[in-house]
């Protein structure tokens, strides 16, 4: 078992009058692992390869012990989910906020060993 991590797609920011600070208190997610921000708050899908390369690098060893916290740009969340499931044989866990706590939700997106390039010959 590896050290569990919670990958936060983007840490949303707000102006508090003097500086930018996190918009949400995500400390309750630490129950599921060490918080790991994936992308800068100003990252955009239109930044192309740079964003995709950063996600691919940071999620390359995503495992069953890890979670994705889906905060940020919806397209970037989708990209992060794709890289996480690819790294973990189609399995991913996300954290869902439920009133006063996070709930872990597991999904098997595709079967282990599935290769879309095979079988249609």
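The values are calculated or read from the model by the stated rules, or taken from the named source; none is laboratory data. Because the structure is predicted, anything quoted here is derived from the model rather than measured. Positions of Cβ are backbone-derived with ideal geometry, glycine not excepted, and every protein chain shown enters the neighbour counts.
The rows are residues; the columns are (1) under 22 Å from residue 79 (Cα atoms); (2) modelled with pLDDT under 95; (3) under 13 Å from the mean Cα position of the chain (by Cα); (4) not in a helix (DSSP H, G or I).
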site	(1), (2), (3), (4)
7	yes, no, yes, yes
14	no, yes, no, yes
21	no, yes, no, yes
37	yes, no, yes, yes
43	yes, yes, no, yes
46	yes, yes, no, no
52	yes, no, yes, no
55	yes, no, yes, no
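Of 113, 90, all but one fail to be surrounded by 11 or more Cβ atoms within 10 Å (Cβ to Cβ) and at pLDDT below 95; the exception is 90. Checked against (1) touching a residue at least 60 places away in the same chain (Cβ under 8 Å); (2) not in a strand (DSSP E or B), residue 79 meets all criteria but (1). Among the residues of the range 35-44, are any in contact (Cβ under 8 Å) with a residue 60 or more places away in the chain, touching a strand residue (DSSP E or B) at 6+ places or on another chain (Cβ under 8 Å) and more than 14 Å from residue 68 (Cβ to Cβ)? No, the range 35-44 contains no residue that is in contact (Cβ under 8 Å) with a residue 60 or more places away in the chain, touching a strand residue (DSSP E or B) at 6+ places or on another chain (Cβ under 8 Å) and more than 14 Å from residue 68 (Cβ to Cβ). Filter the range 23-35 down to residues that are outside any helix (DSSP H, G or I) and within 14 Å of the chain's Cα centre (by Cα) and give me whichever is surrounded by the most Cβ atoms within 10 Å (Cβ to Cβ). Selected residue: 26.
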